[in-house]
Amino acid sequence: MSAPFIGIRGLSKSYMRGERALPVLKNINLDIAEGEFLALMGPSGSGKSTLLNLIAGIDRADEGSIDIEGVDITTLGEASLTAWRSDHVGFIFQFYNLIPVLTALENVELPLVLKEMSRKERKERASLLLGLVGLSERVDHYPGQLSGGEQQRVAIARAMVTDPSILVADEPTGDLDRASAEEVLNLMRRVNEEFGKVVIMVTHDPRAAEKAHVIRHLEKGVLNAAPH
Amino acid sequence: MPLLIKMLLKNAFRHGLRTGLTIAGMTIAILAFGILTTVVDAWYAGVEASRANRLITRNAISLTFELPLSYYDKIRQVEGATKVSYGNWFGAFYKEERNFFANFAMEAQSHLDIVTELVLRPEERDAYIKDRRGAIAGRKLAERFGWEIGDLVTLTGTIFPGDWEFVLRGIYKGRDETVDESIFFFHWDYLNESLRETMPERAGQVGFYIIEIARPELAGAVSKRVDSLFKNSLAETLTETERAFAMSFVTMTEAIMTAIQLVSIVVIVIIMAVTANTMAMSVRERLSEFAALKTLGFNRAHLSFLIFGEAMVITSLGAALGIALTFPAAQLFRSELGQFFPVFNIKPATIYMDIAAAVIVASVSAVIPSYRVAAAPITAALRRIA
Ligand SMILES: Nc1ncnc2c1ncn2[C@@H]1O[C@H](COP(=O)(O)OP(=O)(O)OP(=O)(O)O)[C@@H](O)[C@H]1O
Ligand SMILES: [Mg+2]
């Protein structure tokens, strides 16, 4: 059996609350296969966001390892981790976190500024991605002129533009109405199926979780047993 | 890069009122700095205009005491003195007392030979020297009172009472910007002859001698030689360089000038605090945006560039406006206060300092926000809005 795409072993993290260390993740072991769409569920405060952030390389664990495509990212220094992140991970946030002073096209183009790429190539690639999420008509709109669902689709295009291998989404539909949420989820599903991206999504919504191949539950920092 | 530039430009104006007020503050600070610096420069203009190869000899007791004309021939024979002239402070006004300006009675020929920074057309110079009642005035002074060549000018004396009539024979220009173009000169002989008739006891007295020396290094030696000539005489002399002489007027008010310089710096420090506050507020409001940029792979240097750039947009707009306004403001100063500040020029150095101030204010106000953004953990900043 080949190594999993993402292999997490003995991962623990706690936060200091005054004098006391408050454990948030306790000895997490988790394998994520290539091409998997994983939903992380659990009550508020159970550590879902924390786990997602560790996998995405924007937070540091206390113990344990996270192997991704053969690299243990817990051993990377700050600069290498930043570089690794911009090559491997695309982020989708609950509140979209688009840059309000840039147009939809420019927002999607932004991560490419860090890549060796001509201006023309960047524009073309960003337009292509906006077309993919069905927003070709909205390239020149600013985030403030877009609906929540549209903003989240721009965010998906932005997350995809650097062609990362992993897409992480923290409650991507948490702020959307049913119809918009459905659109966003279908898009994430497509990204997973057509482009083979690993998608890791934190959600409270069982209907959202249904789109995933695998659903895992966190409870007080402990991951429940894997299904079958 | 253009995307980042667009971002920082637009970021600067997201909070229009706050940015506008900060820019206005910067404009006023730069304007105040420029004018105050120019006032100080104007005050020292006399010192700057002084020449290193000229000495002034006066009565050792004080400026108000005079020296006998008989010293003239003796000073001329001092080794190292190439030319000598003499004169008196005349202290008259034109029509009304508030029309005050500097006026001197000078030995005309030697004066113009030594003080070569007064530029006169040859025919005006000849006409002045030939006419015993002739006088010359600086370009600004002539403009101020609308005098033209050939005009009869009557001055009212204060030190030498009575009305004194002169014929304006020339209007001089300064050879460079440091030269005071608002002085009035006439023949010492004319003054002296009148005094001989009206106040014989005051005739034959000279307020000061001007000595041209061959080389500036000789200043110390020549001064000593002159002063030792008249040691133990009734009127002992004090000889010093023209610069030292000019400084002796300035030093009296040096404390005030230092205070003005201090104020001009304080103004910049205040705007620094205001700009730093503006930047701190802007950045605090956008921590989650910076966190999102970090997740996209932007590093410390990129984020500092955005913050410093935004501060630079604000301070350089303010400074540009301030500099643009400094020129008309200086013009206003010249027209309203020209009699106190005959030389009121904005020096290039002042503009360079304005520009440096803009860069320093931007840098200082960007440092702390940049550091905060760099240090803030991504997760904490993202939680903030959630
Ligand atoms: N920076 C921090 N400092 C201190 N405690 C923190 C910090 N971040 C998270 N926590 C705590 O860690 C626990 C897990 O937080 P986390 O955000 O991972 O929960 P979650 O499962 O995502 O919850 P939710 O569903 O409400 O988003 C919570 O009790 C939270 O208060
Ligand atoms: Mg969460």
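The values are calculated or read from the model by the stated rules, or taken from the named source; none is laboratory data. Quick caveat: nothing in here was measured; it's all calculated off a predicted structure. In this analysis, Cβ positions are derived from the backbone assuming ideal geometry, glycine residues included, and neighbour counts consider all displayed protein chains. Heads up: the accessible areas ignore ligands, DNA and RNA and are worked out on the full protein's heavy atoms, side chains in. Shrake-Rupley method; radii C 1.70, N 1.55, O 1.52, S 1.80 Å.
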Problem set entry | Global geometry of the range B:201-292, whether rounded, prolate or oblate, following the gyration tensor of its Cα atoms and the 1.5 cut on a/c | prolate
Exercise. In Å², what does the accessible area per residue of the protein assembly as shown work out to with a 1.4 Å probe?
Worked result: 46
Exercise. When the Karplus curve 6.51 cos²θ - 1.76 cosθ + 1.60 is applied with θ = phi - 60°, which whole-Hz ³J(HN,Hα) does each residue of the range B:79-85 get, with x for Gly and Pro?
Worked result: 5, x, 8, 8, 9, 9, 9
Problem set entry | Using alpha carbons only: equivalent-ellipsoid semi-axes of the range B:61-235, gyration tensor based, whole Å | 28, 21, 14
Seminar exercise, completed: Helix B:300-337: inclination vs chain B longest Cα principal axis, degrees, rounded to 10, gives 30
Seminar exercise, completed: For the range B:61-235, the percent of accessible surface on carbon and sulfur atoms (probe 1.4 angstrom, ligands and nucleic acids excluded) is 51
Seminar exercise, completed: Net charge (Lys, Arg +1; Asp, Glu -1) of residues whose beta-carbon lies under 12 Å from that of B:Thr278, B:Thr278 excluded, is +1
For this session: Would you kindly calculate the translational diffusion coefficient of the range B:238-347, applying Stokes-Einstein with the Kirkwood radius from alpha carbon pairs, for 4 °C and a viscosity of 1.567 mPa s, and quote it in µm² s⁻¹ without decimals?
Result: 70
Problem set entry | the range B:277-292 versus the range A:176-194: alpha-carbon centroid distance in Å | 31
Exercise. What pairs in A:Lys197/B:Lys6; B:Lys173/B:Lys224; A:Lys115/A:Lys197; A:Lys123/B:Lys294; B:Lys95/B:Lys347 have C-alpha atoms more than 30 Å from each other?
Worked result: A:Lys197/B:Lys6; B:Lys173/B:Lys224; B:Lys95/B:Lys347
Exercise. Roughly what % antiparallel, to the nearest 5, for the DSSP beta bridges in the protein assembly as shown?
Worked result: 65
Seminar exercise, completed: With label points set 7 Å from each Cα along the Cα-to-Cβ direction at B:Ser62 and B:Phe145, the distance between them in nm comes to 2.8
For this session: Over all alpha-carbon pairs in the range A:1-156, figure out the percentage whose distance exceeds 26 Å.
Result: 42
For this session: Within the set of other residues whose C-beta is less than 11 Å from the C-beta of A:Pro4, count the net charge using Lys and Arg as +1 and Asp and Glu as -1.
Result: -4
For this session: Quickly rank A:77-86, B:17-26 as a protection proxy: mean count of other C-beta atoms within 10 Å, highest first.
Result: B:17-26, A:77-86
Problem set entry | Convex hull per residue volume in Å³, alpha carbons only, for the range B:148-279 | 242
Exercise. Quick one: Cα centre-to-centre distance for the range B:293-311 and the range A:1-52, in angstrom?
Worked result: 30
For this session: Could you state the angle between the C-alpha long axis of helix A:119-132 and the longest principal axis of the C-alpha atoms of chain A, as a value from 0 to 90 degrees rounded to the nearest 10?
Result: 80
Seminar exercise, completed: In the range A:31-66, the residues losing 10 Å² or more of accessible area (1.4 Å probe, heavy atoms of protein chains only) relative to their chain alone are A:Asn53, A:Ile58, A:Asp59
Exercise. In the calculated pair distance distribution of the protein assembly as shown, what percentage of Cα-Cα distances lie above 42 Å?
Worked result: 51
For this session: Compute the length gained on full extension between B:Lys95 and B:Ser363: take 0.36 nm times their separation in residues and subtract their Cα-Cα distance, giving the result in nm to one decimal.
Result: 91.0 nm
Exercise. Three principal axis extents, largest first, for the C-alpha atoms of the range A:79-121, in Å?
Worked result: 30, 28, 13
Exercise. How many percent of the alpha carbon pairs in chain B exceed a separation of 39 Å?
Worked result: 40
Problem set entry | Residue-averaged 222 nm ellipticity for chain B, from DSSP H runs of 4+ at -39500 (n - 2.57), nearest 500 | -18500 deg cm²/dmol
Problem set entry | Computed label-point distance, nm, for sites A:Glu121 and B:His15 using a 7 Å Cα→Cβ extension | 4.0
Seminar exercise, completed: For the pair B and A, the solvent-accessible area buried on both sides (1.4 Å probe; DNA, RNA and ligands excluded), in Å² to the nearest hundred, is 2200
Problem set entry | Whole-angstrom gap from the range A:59-124 to the range B:208-267, using each part's C-alpha centre | 70
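Taking the convex hull of the Cα atoms, report for the range A:85-228 its projected area averaged over all directions, in nm².
Mean projected area for the range A:85-228: 9.3 nm², to one decimal.
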Problem set entry | Selected from B:Leu55, B:Leu168, B:Leu325 as most flexible by GNM, with chain B as the system and alpha-carbon contacts under 10 Å | B:Leu325
Exercise. Using heavy-atom solvent-accessible surface (probe 1.4 Å) with all chains present, what is the largest-first order of A:Met201, B:Met247?
Worked result: B:Met247, A:Met201
Exercise. Toward the positive end of the charge dipole of the range B:61-235, about the Cα centre and with charges on Cβ (Lys, Arg +1; Asp, Glu -1), which of B:Tyr190, B:Thr82, B:Gly146 goes farthest?
Worked result: B:Thr82
